[in-house]
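One structure is given here, and the rest of the page talks about it.
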Ligand SMILES: [Ca+2]
Ligand SMILES: [Ca+2]
């Protein structure tokens, strides 16, 4: 086989010049932490009667290592409050007070129950019933304001079914629920998440709801908080998911080290590709750990694939 030495030299030279300097080479990271003060809870007595949902969420965050053991969320929720009007501070005012007191990145909220409880007029209710429309518009405006204020994520939890009539509360909530859900789902900035708690309480109402028919027991609060937490985890709500440490040499992140990785590294050095699929590509491709990805690393990869070396120097 005839080897074109000129070409090999040209490639090596090119590779050396294509070497990238790296500022940092750290591969492992502790779970990212959140500041408790940046998490604001707003809403009514479903949250505020015992604050047990907040406490359980804090505990879950501590157990996950993302909240310091001495830290806590800011819980501004107040029993009896509404999305629109009603007693002070209304839920939007709880939010405003929270922002005035410090940076808010994450909001966990409920609301609308008292708007329905106080809502007047005769059924059938619809989107234009004043108390329904006011509550829905309030959520819409609140989300818009949060976006302007730099809130990153919002989590909206919505009540289980009331276990007493309470002036036809269930029928009113059934009208309001999809309208608020729609506003939440539409929100892009902040990204908003919705959780209907009815499935969590289904079949367990006697255990999870107090004799007043609407507020959660301790067991109900824990179940609600754990369901909220599970949904948050699923969506990386707090943005704290730690990307797994890539395997050295597996630059295309397919869990194998083979010729595909070699080809990709070559393409990178030639400037054909500018990035690798590996989550921490600098870690995965800097095979000798000298802080650069260059021809030396490519040579090591070749030796590895030929069986000349069985592990990388790093
Ligand atoms: Ca690979
Ligand atoms: Ca290197």
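Laboratory data are not the source of any read-out in this text; all were calculated from the coordinates shown. Computed from a predicted model, the values in this text were never measured in an experiment. Heads up, the Cβs are rebuilt from the backbone with ideal geometry, glycines too, and the neighbour counts pull from every protein chain shown.
How many percent of DSSP beta bridges within the range 85-226 run antiparallel, rounded to 5?
10 percent
Determine the distance separating the Cα centre of the range 148-173 from the Cα centre of the range 279-314; give it in Å without decimals.
Distance between centres, Cα-based: 55 Å.
Order of 45, 211 from fewest to most other C-beta atoms within 10 Å?
211, 45
Among 304, 205, 159, what is the fewest-to-most ranking by other Cβ atoms within 10 Å?
Listed from fewest to most nearby Cβ atoms, that is 205, 304, 159.
Specify, per residue and in Å³, the volume enclosed by the convex hull of the alpha carbon atoms belonging to the chain.
Convex hull volume per residue, Cα atoms: 185 Å³.
Based on other C-beta atoms within 10 Å, arrange 274, 240, 103, 54 from fewest to most.
Ascending Cβ contact count within 10 Å gives the list 274, 103, 240, 54.
On a 0 to 90° scale, report how tilted helix 5-18 is relative to the longest principal axis of the chain, with both axes built from alpha carbons and the result rounded to the nearest 10.
So the helix axis and the longest Cα principal axis differ by about 40 degrees.
Out of 256, 236, 60, any idea which swings most in a Gaussian network model of the chain, alpha carbons joined below 10 Å?
For the chain, modelled as a Gaussian network with Cα springs under 10 Å, the answer is 256.
Can you tell me what the convex hull of the Cα atoms of the range 112-246 projects to on average, as an area in nm²?
The directionally averaged projection comes out at 10.0 nm².
By how many degrees, 0 to 90 and rounded to 10, does the Cα axis of helix 169-186 deviate from the longest principal axis of the chain?
30 degrees
Computed over the Cα atoms of the range 66-146, what is the convex hull's projected area averaged over all directions, in nm²?
Averaging across all directions leaves 6.5 nm² for the Cα convex hull.
Please list the equivalent ellipsoid semi-axes of the range 105-153, computed as the square roots of five times the alpha-carbon gyration tensor eigenvalues, in descending order and whole angstrom.
Taking √(5λ) for each eigenvalue gives 27, 11, 6 Å, largest first.
From the Cα trace of the range 39-173, what convex hull volume per residue do you get, rounded to a whole Å³?
Spread over its residues, the Cα hull of the range 39-173 gives 110 Å³ apiece.
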